[in-house]
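The structure appears below as structure tokens.
The values are calculated or read from the model by the stated rules, or taken from the named source; none is laboratory data. Bear in mind the structure is a predicted one, so any value in this text is a computation, not a measurement. Virtual Cβ from ideal backbone geometry, glycine too; neighbours counted across all protein chains shown.
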Amino acid sequence: MTDTPETDLPELPPQLALAWGVAERPERVPRRELSIERIVEAAVEIADAEGLAGVSMARVAKSLGFTTMSLYRYVTSKDDLLLLMQELALDVEFPPAHEPADWRAELREWALFTLAIYRQHSWIIDVPVTGAPMTPSNLLALDKGLRALRSTPLADDEKIATILLTSGYSRNAAHLGRDLDKAVADAGGDDGVLGPEFGDTLRHLVDEVRFPYLRPLVERGSYVPTDEGLNQIDDVEWGLERLLDGVAAYVEQKPAVAAGEAPAGTGGTAHATDPDVADATSLVGLYASDARVKKAAAKRKEADKRVREAQKKVRELEKAARDARKAEAEVAKAAAERARDTD
């Protein structure tokens, strides 16, 4: 009886191996105090202050007091560095699950929390999306989003699509907010650049013949709100609630559709003025900055690192065992062939 043939798992591409902490680290370097962690932290600091355009291997090396070539001993390309920067920015502790489960409240918190991350590290928006998440922090963020939907009847692909829809909303809101903030900053802090000071001018330019549906809004001060006609809606939260309304309508009719019956009604909806929204916004801010959470996260990351190192050692030993069995089988086969030749 022979052992079942075993095959090695496919090796991760270099940048994913770095992200998962299973890449080989340089053993001989000129100055041991340089590390992947320090390189990535320095790059994130630069990106937070100057945007993604300010990040280059040379710029990061200079900020650390090393030569550019020293960095390449740890990170082989800027693309690898960008991936690791995203990993660090997303390596945060999400708010805990609700008990009992409340998918709408939890998905709202998840959306606001991801929005807060995008706002804190707005350069993430400029990093090209090249495929499905494959790195630890990205997958953990996805996992927390899926956790929010654990009590729903949604199928697996519907849950993934819901998270994609929600994260896309947060990403777009962060992108728009960043661009508007930049417009104000470029104008020397003048809010008028966004339109309020031009309300009277628009009333003359936007006539009811050419713009029949926009004209009433301009006339009432709803398009470019003024002190007299201030817009009472938070656009981001209002939009998020409408997104959740749509998911709620689908979730509520899901069992009926699965049974071949007519869709049920959409039920009640939460509104942007509900206390839950303000509570969620406050929660994510407090949770992200809580010193105890940060301390627990640091312990968790250290434990994760030790687990990865142990898993890597186990894989190495398993591979060595497979190689030894393979060599043993080849020797036995050669011995059998020699025995047949002798006979």
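Output the number of residues of region 69-103 satisfying the condition of being more than 23 Å from residue 124 (Cα to Cα) and either surrounded by fewer than 19 Cβ atoms within 10 Å (Cβ to Cβ) or at pLDDT below 95 (or both).
The qualifying residues number 10.
Quick one: in region 160-202, of everything that is more than 30 Å from residue 104 (Cα to Cα), in a helix (DSSP H, G or I) and hydrophobic (A, V, I, L, M, F, W, C), which residue is modelled with the lowest pLDDT?
Restricting to residues being more than 30 Å from residue 104 (Cα to Cα), in a helix (DSSP H, G or I) and hydrophobic (A, V, I, L, M, F, W, C), the top hit is 193.
Here is a check on your reading of the model: is residue 153 buried (at least 17 other Cβ atoms within 10 Å of the Cβ) and either within 21 Å of residue 240 (Cβ to Cβ) or touching a residue at least 12 places away in the same chain (Cβ under 8 Å) (or both)?
no
Do any helices (runs of 4 or more DSSP H) entirely within region 42-150 hold 3 or more residues that are touching a helix residue (DSSP H, G or I) at 6+ places or on another chain (Cβ under 8 Å) and within 21 Å of residue 173 (Cβ to Cβ), and if so, which?
Here the list reads 78-90, 103-120, 136-148.
Residues in region 111-134: is at least one within 19 Å of residue 251 (Cβ to Cβ) and buried (at least 18 other Cβ atoms within 10 Å of the Cβ)?
So far as region 111-134 goes, yes, one or more of its residues are within 19 Å of residue 251 (Cβ to Cβ) and buried (at least 18 other Cβ atoms within 10 Å of the Cβ).
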